[in-house]
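Below you'll find the structure, written out as structure tokens, and then a few comments.
What follows draws every value from the coordinates through simple rules; no lab data is involved. For clarity, every value in this text was computed on a predicted model and none was experimentally measured. Quick reminder, even Gly has a Cβ in these numbers, built from the backbone with ideal geometry, and neighbours come from all protein chains shown.
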Amino acid sequence: MISMSSHVSRINWSEAGVVLITTLFLMTLLLVIAVAGLTLSRTDLMIARNLLSGIQALWFARAGTEVGKNWLEENLATSALPVTLGPTVLANGTYTVEVVTLGSGVYQLTAMGLGPEGSRRVVEERVRLPDFSPAGVVINEGDGLHPDFDDHRGGIGRRIPDFSIDGRNHAPDGTLSSLCPAAASFATTQTSAQNDLIAAANTLKHELVTRANTYCLADGSSTGAGVCTPGLSWIRGVGALPRFTSDPCAATAPTCFLNLDLSAAALRATALPPSSNLPSPPQNRGPFAPAVTVSMPFVRALTAPEQTRLHTALDDIERRLGELPPEKTLRITGSLTSGTHTYGTTALPKVTQIEDGASALEMSGGSTINGVGILLVPRVLQLRNATLNWQGIVMIVGDGDLRVEDPAACGQIVGTVVIRDDPTPDRKFDLDLVERNGSCSPFAVNYSCEAVTRALTLLMQTVSWIEKFDG
């Protein structure tokens, strides 16, 4: 007979076995869940780290495009493209950027950022500048400047103008530069404006020859009718007969007044003999430089495609001027009659806008105005006994004008002058009263592709931005 206690014991052992198995199973399940949880946590951590490192690599690449744009602002005019910058270390990563030109003022910046954990991102950004390349030192889009190159000082003929419009390329500091080819003295969109400028220049030549032949003897002394200056002596020449005749003549005749070179440095000679007393560069020029040749006319008439390109570029410039943030712009609201005023620097050029208005605004009283960037002139600006030094673009629009109305006007524009003329047939950008004096160099407009390009970079805008996932 089986005892009751033995039966109970077997039951307890059986139940204990079930509980043990169940407990082991639950512990195993909990262990699996715990391991899975740890694995998922580690996966989440790895995903988060990968996401963070990827974002860091993306921002390293974005930093590269910003560095590329800054490089364009400072080096576009002086460096050939394409160019690669980097790799450059930034925090715990690096960036490398390639800058290329796509033409028509569009530039592409492709930057690669390398971050932690081997992360890598590539960004491509395209930026655009107004597609503006000066064809002349003074560019006129409109009915014309209507010049006469006459200071109306009296006497026989005319004196040699002291102002200069120099198409040789200059560095922004005013020294001569071989970086870009020379430009014509003037460029215009209308044939009538071209004819006006050529006629005014030919009349000036005639009157200079008349004055030289009247005032000067072969040895450089004066005739008594007036004072023979070294420049006039050079025009007259040392021969028994004058070098040029002011009588009506054909341009094919070497003695015709039309062959007087208005770029000749001897016109600025400081003593006799003129050829041995020339001013040093860049003042080694006449009123208009460089010399007129077949490939470099005195005034260049733009072709129809060139006119379209110019018109589009100037429209683009004016539109962008209205979109700039306040930190890039400055304003001149009234006359400047004393002191020194600075509007932008080489490192931080600005767009300076003269407030529009019906009355003229003056720069006078011995004031000095220095600026770098774009100067927008929508009203009459009179430069009197003051100094204006501007690097970049001077843009005269509508009823605006820059009138140099005092012999004591000093300074220079290094870059280009653009005149978007209204239909009123009035004289624009008249420099005839400029006169050489001991206090400063006479007012000059000197072409500079570097200064123009630096000014245009103020108007840079992004036209597209993408992240490239194919490397």
- Item | Whole-Å distance, taken between Cα centres, linking region 150-192 and region 347-394 | 20 Å
- Among GluC sites (Glu not before Pro) in region 342-442, those in a DSSP loop whose Cβ has at most 12 other Cβ atoms within 10 Å are GLU355
- Net charge near HIS146: determine it from the other residues with C-beta under 11 Å of the C-beta of HIS146, scoring Lys and Arg +1 and Asp and Glu -1. -4
- Item | Euclidean distance of C-alpha centroids, region 195-241 and region 123-141, integer Å | 41 Å
- Message: Can you work out the Karplus-derived ³J(HN,Hα) for every residue in region 284-298? Use 6.51 cos²θ - 1.76 cosθ + 1.60 with θ = phi - 60°, whole Hz, and x for glycine or proline.
- Response: 7, 7, x, x, 10, 9, x, 4, 6, 9, 4, 7, 10, x, 5
- Task: Only bridges with both residues in the chain count here: give the DSSP antiparallel percent, nearest 5.
- Result: 35 percent
- Item | Proxy reagent accessibility, fewest Cβ within 10 Å first, across HIS206, HIS170, HIS146 | HIS146, HIS206, HIS170
- Query: Using a Förster distance of 25 Å, how high is the FRET efficiency between THR88 and LEU179, based on the Cβ-Cβ distance and rounded to 0.05?
  - Reply: 0.40
- Longest principal axis of the chain (C-alpha) makes with the long axis of helix 304-321 (C-alpha) an angle, in degrees to the nearest 10, of 60 degrees
- Query: Is the shape of region 46-186 best called rounded, prolate or oblate, per the rule: a/c under 1.5 gives rounded, else a/b larger than b/c gives prolate, else oblate, with a ≥ b ≥ c the square roots of the Cα gyration tensor eigenvalues?
  - Reply: prolate
- Indicate, rounded to the nearest 5 percent, the antiparallel portion of the DSSP beta bridges found entirely in region 369-448. 5 percent
- Message: I'm spelling it out carefully: the read-out is semi-axes √(5λ) of the Cα gyration tensor in Å, the candidates are (i) 38, 26, 19; (ii) 64, 25, 21; (iii) 77, 21, 19, and one was derived from this structure. Which label?
- Response: (iii)
- Proximal lysines relative to LYS205, as straight alpha-carbon distance under 25 Å, when same-chain residues fewer than 8 apart are discounted: LYS428
- Mean ellipticity per residue at 222 nm, deg cm²/dmol - from DSSP H runs of n ≥ 4 across the chain, formula -39500 (n - 2.57): -10000 deg cm²/dmol
- Message: How much of the DSSP bridge set in region 328-471 is antiparallel, in percent, rounded to the nearest 5?
- Response: 5 percent
- Note on the structure: Honestly region 276-346 on the Cα gyration tensor test (a ≥ b ≥ c root eigenvalues; a/c under 1.5 rounded, otherwise a/b vs b/c for prolate or oblate) is just oblate
- Query: Looking at the square roots a ≥ b ≥ c of the eigenvalues of the Cα gyration tensor of region 192-272, which shape do they give, rounded for a/c under 1.5, prolate if a/b is larger than b/c, or oblate?
  - Reply: prolate
- Set of aspartates and glutamates with alpha-carbon distance to LYS350 below 15 Å, sequence-local pairs under 8 removed: GLU73, GLU74, GLU318, GLU323, GLU327
- So how do ARG211, ARG420 line up by other beta-carbon neighbours within 10 Å, fewest first? ARG420, ARG211
